[in-house]
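Q: One structure is given below, represented as structure tokens, and several questions about it will come after.
FYI, it's all coordinate maths here, none of it is from the lab. Here the structure is a predicted model, which means the values were calculated and not measured. With ideal geometry, Cβ positions are generated from the backbone for all residues, glycine too; neighbour counts draw on all protein chains shown.
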Amino acid sequence: MFKFQIIASTILLAFTSCNSGINDANKEEAIGNETPGQPVESRPPDVGYKPAFQGQTRVAGVRTSTPYETKVITDNLTKPWGIAALPDGRFLISEKGGSFRIVSVNGQVSDKITGTQNVEEKGQGGLLGVSLDPDFSTNRTIYWAFTEKRKNGNGTSVGKGVLSADERSLENVQVIYRVMPTYEGNLHYGGRMVFSKDGNLFLATGDRFKKERRRHAQELNSGLGKIILINKDGKPVGGTTTSGAGGNAEIYSYGHRNVQGIAFHPETGDLWVAEFGPLGGDELNVVEQGKNYGWPIISYGLEYNSDTIGNGITQQEGLEQPVYYWDPVLSPSGMTFYKGSAIPEWKNNLFIAGLNSHHIARLVLENRKVIGEERILADQQQRFRHVIEGNDGALFAITDEGRLYRIGKK
Ligand SMILES: [Ca+2]
């Protein structure tokens, strides 16, 4: 097993040695502790609240022993945000500025695919996540989350359209859902989506950042700080929501701060989400219908000026505890479970793209608990925006700097 570790490291080094953009001074901190069995995070916490249970943060580090290679397929993207694997092995990628591109596995980048409407690229806003219709092979329909320019501000909306036969534009474009209320600001849009097995769409939203907006995460007549469940027409899915409490029928769960990572566990079918905390307190949650995930009443983080959030508490009856949290933050954006067989030890592991932390977190899970953590691609010094699995059993990751990586068997 030791020999394999050496090979894996050597392959990584071979690919990064030509990368002159690496800041060596930060390298050690970014990569973290690599002593087996020790947590990968070796820095002191920014906050340091006591976890609710053992294993809620800083679990033992693990290391992939199967050799794999890391390849930059292209660095010609402009602020890619969402990525979906097309049936033929290529990738549909959203760029924050408002258009899509298709990228082949050998790095050919298409011209802009036009047709999105009213995308406002400002701050964290723009064209965000993309999901293929479960019947994409026959209907060529795609769904995208975006920051929509509206009267008196903007908000997260979901667009739907058909990819034209020549792959140059979107046709029959419509907005099927609008997160309300509209607000003037440019932060915390959420914006990632995932289809359930029965063909409905889960959308993650954000609290819009400003302190006076936060209460919306707790309000069931506001779409901010929620997991939203709609059908392909943007309508609530009957009988599966919190509408009994007099709230909006499409609200699935609430009390979220800003969720950009959402994925179904391939075996248990549980819905997992990752959300940005404030200073410290980034969270991983298993989301269940009607439950309250606590923001801004409980948090493992602090305000950016180090004031406490609310009463400075981390637990309260009736509010769900995160499965795991990071302090200092991971800055978690998109995520995926590994379903492939190419790297067997990754099976059912969760991979989360880290922005400020400049790595992809690999988490080994057991019964809704994290039991191992690894940092991969930490030497690349990129802001990882999303990671998905391709059709060939490799992982594909996009970065704010414009790269598409392939991480997998040769
Ligand atoms: Ca929470």
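Q: Only bridges whose two residues both fall in the chain count here: according to DSSP, what percent of them are antiparallel, nearest 5?
A: The answer is about 95 percent antiparallel.
Q: With point charges of +1 on the Cβ of Lys and Arg and -1 on the Cβ of Asp and Glu, referenced to the Cα centre of the stretch 2-408, which listed residue (His256, Ser99, Gln382) lies farthest in the positive direction of the dipole?
A: Checked the options; the winner is Ser99.
Q: Could you please rank Asp198, Asp327, Asp400, placing first whichever residue has the fewest other Cβ atoms within 10 Å of its Cβ? Intermediate values should be presented prior to the final figure.
A: Numbers: Asp198 9, Asp327 24, Asp400 18.
Ranked by crowding around the Cβ, least crowded first: Asp198, Asp400, Asp327.
Q: For the stretch 192-320, what is the charge dipole size about the Cα centre, in debye to the nearest 20, if Lys and Arg each add +1 at the Cβ and Asp and Glu each add -1 at the Cβ?
A: Its charge dipole is roughly 460 debye.
Q: Can you tell me which of 377-386, 253-262 comes out highest on packing, and rank the rest after it, using the mean Cβ neighbours within 10 Å?
A: 253-262, 377-386
Q: Leaving out same-chain residues fewer than 8 places away, which aspartates and glutamates sit with a Cα under 12 Å from that of Lys122?
A: In chain and number order, the partners are Glu148, Glu184.
Q: Something else: Would you mind telling me which residue in Ile352, Ile376, Ile227 has the biggest mean-square fluctuation in a Gaussian network model of the chain, where springs connect alpha carbons within a distance under 10 angstrom?
A: Checking each option, the largest mean-square fluctuation is seen for Ile376.
Q: Place the peptides 157-167, 180-190 in order of packing, highest mean first, counting for every residue the other Cβ atoms within 10 Å and averaging per peptide.
A: Details: 157-167: 18.5, 180-190: 20.1.
Per-residue Cβ counts within 10 Å, averaged per peptide and sorted highest first, yield 180-190, 157-167.
Q: Which value, in debye to the nearest 20, gives the size of the charge dipole of the stretch 2-408 about its Cα centre, when Lys and Arg are +1 and Asp and Glu are -1 at the Cβ?
A: Roughly 540 debye for the stretch 2-408.
Q: A further question on this structure: As I understand it, the dipole of the chain uses +1 on the Cβ of Lys and Arg and -1 on the Cβ of Asp and Glu, about the Cα centre. Which of Ala204, Thr116, Gly402 lies farthest toward its positive end?
A: Selected residue: Thr116.
Q: Quick one: of Lys71/Lys226; Lys112/Lys160; Lys235/Lys291; Lys50/Lys211; Lys50/Lys197, which pairs are farther than 27 Å apart, Cα to Cα? Mind dumping the intermediate values first?
A: Details: Lys71/Lys226 36 Å; Lys112/Lys160 17 Å; Lys235/Lys291 21 Å; Lys50/Lys211 25 Å; Lys50/Lys197 37 Å.
Listed pairs above 27 Å: Lys71/Lys226; Lys50/Lys197.
Q: Between rounded, prolate and oblate, where does the chain land on the alpha carbon gyration tensor, with a ≥ b ≥ c its root eigenvalues, rounded for a/c under 1.5, else prolate if a/b exceeds b/c?
A: Taking the square roots of the gyration eigenvalues as a ≥ b ≥ c, the chain is oblate.
Q: Dipole magnitude of the stretch 254-296 about its Cα centre, charges +1 at Lys/Arg Cβ and -1 at Asp/Glu Cβ only, in debye to the nearest 20?
A: 160
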